[in-house]
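Chemist: Before we start, here is the structure in question, set down as structure tokens.
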Amino acid sequence: MPEAAQSAVLSLSRLRLGVQLLMLALTVWGGALVGHYAAEKISNALPSLSCAYDQSNGAYCVLIPLQHQMHHRVGELIQQTGKFTLSLLLPLVFTVAAFYAFYFFIGKAFCGWICPLGTVQEGLYRLGRVLRRPFRHLSERAARRLRPLKWLVLLVLVLGLPLAAGLGVTPHATGDAFCQVCPSRLATTLLTGDTEQAAIRTGGILDFAFGALANTLFGFVLIASLAVRQPFCRICPLLAINATFQRLSPLRLVKQAHDRCEKCGICTKACPMDIPEIWHESGQKAFNEDCTLCGRCAEFCPDDAVIQIKFGPARLFGASRPYYKARIKQESPQGEPKIVRWLPPRTGGHG
Amino acid sequence: MRALTVVVLCVWSLSVAAAENGHGGHGDSAPGGSASAAPVWTDLPLIEMAPGRDRAAATFRLRNLSVDTVKAYAPGDRAPLPEGLRFKTDRLEWDITAQDGRFTLQSSGVGNYHWLQARQESTDGVTVASTAHFFSNPGPAPTDLLDRPKSELEIVPAPLPREHNQYRENQKRFFMLRFQGKPLAGTTLRFVSDAGTRASFVSDAAGRVLVNFPADVKPAEGQGGHGQPAANRFVLAVEHEAQGRHYLTAFNYRYGANAYARRSLLWGGGFLALGGLLGLPLIMRRKEPTHA
């Protein structure tokens, strides 16, 4: 088999694309396969943005029960009884346990391989390359400055406002504050042909404000994705939750220090989250909180075994020079596809 | 001044009461579904929700049917989980005593959906009223609950409505007709709503009936959970003669305003476009500076 054809077959990115498309089908339309009712879904605590407003999906996102329990179980019961007991947290413990049962095996690859919104954004970025839109990467400073936002979204929209709604401090509409603005709610429902979620509620000011914010954010993500890689992932609260547990999954990114790393930096160019630490750091620090375990840094690392994806002691994928050489012929680290020359170049003629 | 204070207090207490009544929860909320002091809108047998429900119990009243006990059914243990991880319950079905036509359903604690059935039997035939109620419990899907034969003649929603998938006007939803556990083909299903709409639908060879909910939900006066507008009540009824006996079965529930009531696609599209415009500078190519 020619070298180019062999590399095309074995590319980690191609494998990931196949898994992403399969998971997109399962998380958006998979209800027909796994069942209609919530209890029949793959999980009600999936570590990916699989939306319950999508009437035909195959799983529910963990942020749904988290908000629901903060609102109705923790907040409302504290308000009714006037006291806080640890037993109030029991439903949250079960939700986190169900989440972890999935997360243990796949870890942060839920973001890079399974999340439907992640796949949609990647698809749009590819479309942007085809349409020859400019590539905008985030500077080291900007990437670092954006990081706290996802924790803020987690604390305020997923945990804080639902709790406040349960306590009666904020209106009922804030009980699922994150769902109200989540772009995946719009993306997945629109993918099923349902435009209801894209229509803004006009019954109250808060509902309208949430709808306006959600649609504006979604519109921005749709267009920005043509030039910026994974714009929403950078503030996604699920990435924050996944980052909390990333050391508790055997699936991880491993980087060994290498003399040539400091002058190279291709790994950061290849990273869809523009993570500078994968370039500058090694050991545990290289596996940054923003990592989605997509594996592009390992694919585009030109030195043998410097970056690896491991499950416990087992190496699942490791950087290698021959692989890098084959991969760089297909596309640039930033994802610009290389022109495939099907015919031999013409000889002679002008210039 | 005192009169003004009294007026202010009255208005305040009314608004608080209205706010409390309008505050529904997830799942077990019934947008406009309560039936307090409701006028009679049908002579078909009904099991209607009455005021007084919470996360573990719901109160109902029987209409057009005189029975002392109502049977409750919970989801069974045929869950899509590995052996040993199943949600177990000993209470798959149980009797509830009705007093003056009222009774309270306690959640089994397992599974979201519960089924209620009141049965009145005479020498001439059998009359059955049925409905479903959603408690927010972890547990198995209601697939086996619906498959389990509960009376001779049955109307079975396929599927049951759920929190983000309620029945709505202008929507078509399937129901199954069964007699003695087998599909009942070519049979007429009557539809009656409390808005006065009457319609009939006929089952196909597989016993399936496609019910088209009419567009007759009036603009909401109050709101249910999640800001949903009020809903209409409806009853589906089917009659069948077999072995010299007359069978009448009814299933009642509620349906809300159409999906786009109190929503605007125009505003939605407008803000989508605004977001897109904000992102536009990112996808525009910047002009390279020209050097003389």
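Chemist: Between A:Ala165, A:Ala209, A:Ala187, which is surrounded by fewer than 21 Cβ atoms within 10 Å (Cβ to Cβ) and part of a helix (DSSP H, G or I)?
Modeler: Answer to the check: A:Ala209.
Chemist: Being in a loop (DSSP other than H, G, I, E, B) and away from every other protein chain (no Cβ under 14 Å) is the filter; apply it to segment B:118-152 and report the residue that is surrounded by the fewest Cβ atoms within 10 Å (Cβ to Cβ).
Modeler: Taking the candidates together, the pick is B:Thr123.
Chemist: Kindly provide the set of residues from segment B:154-172 that are assigned to a strand (DSSP E or B) and crowded, with 18+ Cβ neighbours inside 10 Å, ordered by number.
Modeler: Here is the first cut: in segment B:154-172, the ones assigned to a strand (DSSP E or B) are B:154-157, B:162, B:165, B:168, B:172.
Selection gives B:Glu154, B:Ile155, B:Val156, B:Pro157, B:Arg168.
Chemist: I've got another one for you. Which residues, counting only those in segment B:259-282, are of a type outside the set (A, V, I, L, M, F, W, C) and more than 7 Å from chain A (Cβ to nearest Cβ)?
Modeler: Scanning segment B:259-282 gives B:Gly269, B:Gly270, B:Pro281.
Chemist: Would you be able to say whether some residue in segment A:164-180 is hydroxyl-bearing (Ser, Thr, Tyr), over 16 Å from A:Leu222 (Cβ atoms) and in contact with a Leu (Cβ under 8 Å, 6 or more places away or on another chain)?
Modeler: Yes - at least one qualifying residue is present in segment A:164-180.
Chemist: Right, here's the next one. Within segment A:6-55, can you find the residues that are among the basic types (Lys, Arg) and either within 21 Å of A:Gln121 (Cβ to Cβ) or touching a residue at least 60 places away in the same chain (Cβ under 8 Å) (or both)?
Modeler: Passing the criteria: A:Arg14, A:Arg16.
Chemist: Another one. Only one residue in A:Leu222, A:Leu191 is closer than 26 Å to A:Gly128 by Cβ, touching a Pro at 6+ places or on another chain (Cβ under 9 Å), more than 9 Å from every other protein chain (Cβ to nearest Cβ) and modelled with pLDDT of 95 or more. Which one?
Modeler: None of the others qualify; the one that does is A:Leu191.
Chemist: Further, regarding this structure: Between A:Val228, A:Val181, which is of a type in the set (A, V, I, L, M, F, W, C) and surrounded by 23 or more Cβ atoms within 10 Å (Cβ to Cβ)?
Modeler: Going through A:Val228, A:Val181 in turn, just one is of a type in the set (A, V, I, L, M, F, W, C) and surrounded by 23 or more Cβ atoms within 10 Å (Cβ to Cβ): A:Val228.
Chemist: Return yes or no: is A:Arg133 within 30 Å of B:Arg286 (Cα to Cα) and either more than 10 Å from every other protein chain (Cβ to nearest Cβ) or in contact (Cβ under 8 Å) with a residue 12 or more places away in the chain (or both)?
Modeler: yes
Chemist: A further question on this structure: Would you confirm, using the coordinates I've provided, whether B:Asn252 is surrounded by fewer than 14 Cβ atoms within 10 Å (Cβ to Cβ), modelled with pLDDT of 90 or more and more than 8 Å from chain A (Cβ to nearest Cβ)? I'd like the intermediate steps shown before the answer.
Modeler: Values: surrounded by fewer than 14 Cβ atoms within 10 Å (Cβ to Cβ): no; modelled with pLDDT of 90 or more: yes; more than 8 Å from chain A (Cβ to nearest Cβ): yes.
Answer is no for this residue.
Chemist: Can you pull out the residues in segment B:234-283 that are over 31 Å from the mean Cα position of the chain (by Cα), assigned by TED's automatic domain parsing to the domain that holds B:Val192 and of a type outside the set (Gly, Ala, Ser)?
Modeler: Once the filter is applied, which keeps residues that are over 31 Å from the mean Cα position of the chain (by Cα), assigned by TED's automatic domain parsing to the domain that holds B:Val192 and of a type outside the set (Gly, Ala, Ser), segment B:234-283 yields only B:Gln243.
Chemist: Is it true that A:Ala199 is of a type in the set (Gly, Ala, Ser), buried (at least 24 other Cβ atoms within 10 Å of the Cβ) and within 14 Å of another protein chain (Cβ to nearest Cβ)? Let's see the steps before the verdict.
Modeler: Values: of a type in the set (Gly, Ala, Ser): yes; buried (at least 24 other Cβ atoms within 10 Å of the Cβ): no; within 14 Å of another protein chain (Cβ to nearest Cβ): yes.
It is false that A:Ala199 is of a type in the set (Gly, Ala, Ser), buried (at least 24 other Cβ atoms within 10 Å of the Cβ) and within 14 Å of another protein chain (Cβ to nearest Cβ).
Chemist: Quick one: would you say B:Gly84 is part of a strand (DSSP E or B), at pLDDT below 90 and either not assigned by TED's automatic domain parsing to the domain that holds B:His133 or not hydroxyl-bearing (Ser, Thr, Tyr) (or both)?
Modeler: In short, no.
Chemist: Kindly establish whether A:Ala214 is touching a residue at least 12 places away in the same chain (Cβ under 8 Å) and part of a helix (DSSP H, G or I).
Modeler: Yes.
Chemist: Right, another one. Only one of these conditions is not met by B:Ala231: (1) modelled with pLDDT of 95 or more; (2) surrounded by 14 or more Cβ atoms within 10 Å (Cβ to Cβ). Which number is it?
Modeler: Failed condition: (1).
Chemist: Hey, which of the helices (runs of 4 or more DSSP H) in segment A:231-280, taking only ones fully inside, have at least 1 residues that are surrounded by fewer than 24 Cβ atoms within 10 Å (Cβ to Cβ) and touching a residue at least 24 places away in the same chain (Cβ under 8 Å)?
Modeler: Output list reads A:237-244, A:261-264, A:266-270.
The values are calculated or read from the model by the stated rules, or taken from the named source; none is laboratory data. As the structure is a computational prediction, the values presented were derived from the model and not from experiment. As a convention, Cβ positions derive from the backbone with ideal geometry for all residues, glycine included, and neighbour counts pool all protein chains shown.
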